[in-house]
Structure formats: structure tokens, C-alpha cells
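The values are calculated or read from the model by the stated rules, or taken from the named source; none is laboratory data. All of these numbers come straight from a predicted model, not from anything done at the bench. Note that each Cβ is placed from the backbone with ideal geometry, even for glycine, and that neighbours are counted across all protein chains shown. Protein only, heavy atoms only, side chains kept; ligands, DNA and RNA dropped before computing areas. Shrake-Rupley method; radii C 1.70, N 1.55, O 1.52, S 1.80 Å.
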Amino acid sequence: MSLVCAAMMAAQPAVAQPGAPGSERVRELVHLVRQDCGSCHGLTLQGGLGPALTAASLSGKPRDSLVATVLGGRPGTPMPPFRGIVADDEAEWIVERLLEGFPSDSGASR
Amino acid sequence: MLQFFVKYMWWIVPLVLLSACAGPQPVLRGTGDLGVVIERATGQMQVIETSGRKSLAQVSGLGDLSHASVVFSRDSRYAYVFGRDGGLTKVDLLTASIAGRVVQAGNAIGGAISQDGRLVVAQNYEPGGIKAFDADTLELVADVPADFGSEGKRSKVVGLADLPGNRFVYALFDANEIRVTDLSDPRHPKTERYPAGKQPYDALVTPDGRYYIAGLFGEDGLSLLDLWQPELGVRTILPGYGRGEQALPVYKMPHLRGWAVAGGRAYLPAIGRHEVLVVELGSWKEVTRIPVKSQPVFVMARPDGREVWVNFAFPDNGWMQVIDTFTNRTVNTFQPGRAILHLEFTPRGEAVWISARDDNKVAIYDTRSHQKLAELPAASPSGIFFTSRAFRTGF
């Protein structure tokens, strides 16, 4: 059932979701996660200094705590807070995409 | 006609076959002005020439290059490329082809080459440890796990550097230790352990191979080991350089390497601060601290030591600054492109190559005038490595 839900959500165009970022911002966010989160988590999100962020490695983790980690960081570890760089609903959008398998990068904004 | 061919021209057949087998012959040339540019997103790299400021060839099939680093064989013909995915690829710069490749770990961060050039050593996050390979064949010759504690845990390894005597020094991010592994008899590695500061994230060895300095994420200061008197253990230098202030969030870990040494001083990125720290080698006294634009990532001395060029962490990674080491002031602040990830000086330092990831280009600057000389297209470029590294301890 959850697989079906995930598939249905993935099939929805991102712009159609309430509170979801627009297409240019989506491109920026995907680039940010792949490249700059990728400094520690790897371009393929298989991990590095930071843990892997693949769908498999995140499965079962509560999404609220993942969103809180993105926004607030994890004190005592190198994970910095991204509040101010991404908005709250953008952090939620990033976590949703991570949980279903993150999209590939189409480059920096023009 | 056929008789004529058989009698006089028979030699053409084996010649044609031979040349077809051998493929295009490499041009006879030296390698001292060659280098590579990593194209991180596509698992490729360019072979470049600094004299002509041009790309010579592209090599594909190098795996995940998110945090790729490169060392060179002592004849500076081969580049050993360490990929994030544990791939170790030996690339022939002259033929621009892969001469060997192994996937040696699940997650790797870089590597080093031994003083005698016979061993290539990878530093790994998963499984944590170092592994040594025969530089010719890439056959595994030593596997040294970074184990710690009593529960069989293994630490991520950072800051690997070669030392005289086919020894290697490195730090353990999770175990707060510096280790020295002697691979002079690679089948029987011997490892010494030195307790160090909290969460070392990278390190450097001075060009003479004497001092090893590890940057610390979890502590206000740096860990120093004098490799001429290792029995004295690790001491903390620049303790409390952050003055107890809350460090800024770090969006990109700084990188340390022996390139930061100039004029008897080390120029070090202050983690979580908009500062470059200047410390005197030997006395380890703070000379000064230089305010800079943002959090420094690479703090690299021009080969003559007169200038230090600095790039910065996200989100200020479009900027660079130049510090005059005579006055310890910034003398230039400029924007070479979007997402500046790395820079590399030509062997004698007349030019510097700068990768601008989000502009898909490498910019080449004159280091006297600070003017741009040329740009080369490159797909999402990150690390730039020149063959002159082959002759430097710690590279």
C-alpha cells in the first residue's frame, strides 16, 4: 500500500502539490541536495562523512525528525542547520523526495 | 599484379595489422605540464596541459567522483583516481586510457602514494581503514582496519599522508586518534596509535614530513604530532582559537594539505569562522588571524609562498580572496564563477586553475596580475590535480 502511495505521489507533478516549490526552485533544491548536501552525503547520497540518504537507508525513519534535522541540524555532529537556506515547506519537500528516492540533478539554475 | 604484391609489398599486411592492433600511437612528449580535471557528476576526467592551457583528452568510467582525489606515479605518467564509491582507477595520461581499476571499499575519501612509489594507499570511510595496493598491478598488499574500542567498531579515516620510509599517517574521525602505519614491509604493517583531539576532519603534513597537523571539528584547536619525536605524543595547538564563541554552521568541511605552508608559517582555515589562522611552525604561536569573506575551504599558498589563495564554503562559494603573506592582508576579492570547488597552481606558480562547478568551466588566472587568462569548458568540474604533486611529500 505504501508503495502504491509513493508511486502515486511520485507521479504527481511537483508544482501541483499545495505548498510545493515551483519548477525553477525544484531545480535549485535538487541541485542543492545533490551537490552541496552531497559534499558530506555523496552525489549519489550513498553517504560519506554523513550517513547515506537513500530511500532504503531512510525507510522507517519518522519524517518529522528528518525534517527537523534538515532545518535544525544535529548538534554534536557536522550536520548544520539549513533553516534560512531552505524554507520549512521546502525541507518537507526534500524529505518526501528523499524517502521515495531523490531525483537526479539537472544542473544549476540558469 | 598479385604476384607483384606478394613479391614486393607483402610487408604491408603485417604492418597494417600491427598498427590496427596498437591503436593510435601516443605523441612522444613529457608529462611535467600535464594534469587532470575531475568532472564529478559524470564520472569523467579531462587530461589537460598547463603549457598550452588546453584539454587533451577525456577519460570515462571512473565511477562516483563526488569526493575524488588523485595522486601521481613517480614517473608522473599515471594518475591514481580515488572515487567516493571506493573505486581506485589507474589512468595513463599519455594514452588517456584506464590502465587498471579496482573497487576496494564501499565508501572512500582519498589516498596517497608511498615515498618509493610502489604502494598506492586508499583511506576509507566504509569499512573504515586504509588499504595498500601494488602501484603497478593494483593488487591488494595490505589491509589495515581503523578499529577502536572493544566492540569491533571501525572509524572513518581522514587526512591520510605519506611519510618518509613508506610510512603513512592518518586520523580517525570517530576515535579521536592519529595513527602511523609503517608499510616498509607491506605484508607486515606496523601501526602506532596516538590519542588526539575530538573529531579530526582532515590533516596536513609539512613538506619536510616532520609535523602532522589535524583540524578538529569537535574541539577548539588543532592536534599536532611531531613525527621526529612521536613518543612525545599529540599536543594541542591554537587552543581556544574560537575564543569559546559559538561556531557558525559548517556547510563544507575545510581541506588541509601541505600547500598551506609559506614562509615558515602555516595558513589554516578556521572551522566555523570567517578567518584564516596564521601559526609559526616550531613555536606554534599564533602570528595573527586574517578576517576573510566567509568560511575558508582551501587555503593554498602560491608555490613561491608570497600569496595565499582562499575559496569558501557554500553559500559563499562564488568568491575567492588573495592574501599577501608579507603583510598578512587580503589584497584581492573576486568572483571567478559559481561554486568554486578547487584550485591548483601550476608547478612554478605563474598561473592558477580554478574550477567553477555551476558554470561548467575551469578559469585560469595569472597569479601576478590576478587577471583571467583563459577559460576551458568542463562538466561540473571539481578537483584539479597537476603531475608536479608526484614529487611532493604529502600529495
query = Quick one: which of B:Gly264, B:Gly318, B:Gly272, B:Gly244 is within 13 Å of chain A (Cβ to nearest Cβ), modelled with pLDDT under 95 and surrounded by fewer than 21 Cβ atoms within 10 Å (Cβ to Cβ)?
reply = B:Gly272
Selected residue (only one of B:Val287, B:Val308, B:Val322, B:Val297 is in a strand (DSSP E or B), in contact (Cβ under 8 Å) with a residue 12 or more places away in the chain and within 26 Å of A:Gly84 (Cβ to Cβ)) = B:Val297
request  = Kindly list the number of the only condition in (1) on the phi > 0 side of the Ramachandran plot; (2) of a type in the set (Gly, Ala, Ser); (3) in contact (Cβ under 8 Å) with a residue 60 or more places away in the chain that fails for B:Gly349.
outcome  = (3)
query = Wholly within segment B:165-217, which strands (runs of 3 or more DSSP E) include no fewer than the required count, namely at least 3 residues that are open to solvent by 40 Å² or more (accessible area, probe 1.4 Å) and either under 18 Å from B:Gly233 (Cβ atoms) or touching a residue at least 24 places away in the same chain (Cβ under 8 Å) (or both)?
reply = B:190-195
request  = Considering only segment B:30-53, state which residues are open to solvent by 40 Å² or more (accessible area, probe 1.4 Å), modelled with pLDDT under 95 and not hydrophobic (A, V, I, L, M, F, W, C).
outcome  = B:Thr42
Candidate set from segment B:271-319 (those that are closer than 28 Å to B:Asp359 by Cβ and among the polar types (S, T, N, Q)); member that is nearest to the chain's Cα centre (by Cα) = B:Asn311
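Inspect segment B:253-260 for any residue being more than 14 Å from chain A (Cβ to nearest Cβ) and open to solvent by 30 Å² or more (accessible area, probe 1.4 Å) and give the result as yes or no.
Within segment B:253-260 (the criterion being more than 14 Å from chain A (Cβ to nearest Cβ) and open to solvent by 30 Å² or more (accessible area, probe 1.4 Å)), the answer is yes, since at least one residue qualifies.
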ask   = Which residue out of B:Gly221, B:Gly233, B:Gly258 is under 16 Å from B:Tyr170 (Cα atoms) and without any contact (Cβ under 8 Å) to a residue 40 or more places away in the chain?
value = B:Gly233
message = Just to check your reading of the model, which residue among B:Asp220, B:Asp202 is under 21 Å from B:Val297 (Cβ atoms) and touching a His at 6+ places or on another chain (Cβ under 6 Å)?
response = B:Asp202
task = Name the residue, out of A:Ser109, A:Ser39, that is at the interface with chain B (Cβ under 10 Å from one of its Cβ atoms), open to solvent by less than 40 Å² (accessible area, probe 1.4 Å) and touching a residue at least 60 places away in the same chain (Cβ under 8 Å).
result = A:Ser109
ask   = Since B:Arg210 meets every condition but one in (1) closer than 25 Å to A:Gly73 by Cα; (2) at pLDDT 95 or above; (3) charged (D, E, K, R), which condition does it not meet?
value = (1)
key: B:Trp319 vs. criteria within 23 Å of B:Phe395 (Cβ to Cβ) and of a type in the set (Phe, Trp, Tyr)   = no
note = Subset of segment A:43-69, residues under 11 Å from the mean Cα position of the chain (by Cα) and within 12 Å of chain B (Cβ to nearest Cβ), comes to A:Leu45
Whichever residue in segment B:358-368 is open to solvent by 10 Å² or more (accessible area, probe 1.4 Å) and touching a Lys or Arg at 6+ places or on another chain (Cβ under 9 Å) and, among such residues, is farthest from the other protein chains (Cβ to nearest Cβ) = B:Asp366
ask   = Do you know which of the residues in segment A:77-106 that are away from chain B (no Cβ under 14 Å) and among the acidic types (Asp, Glu) is least open to solvent (accessible area, probe 1.4 Å)?
value = A:Glu90
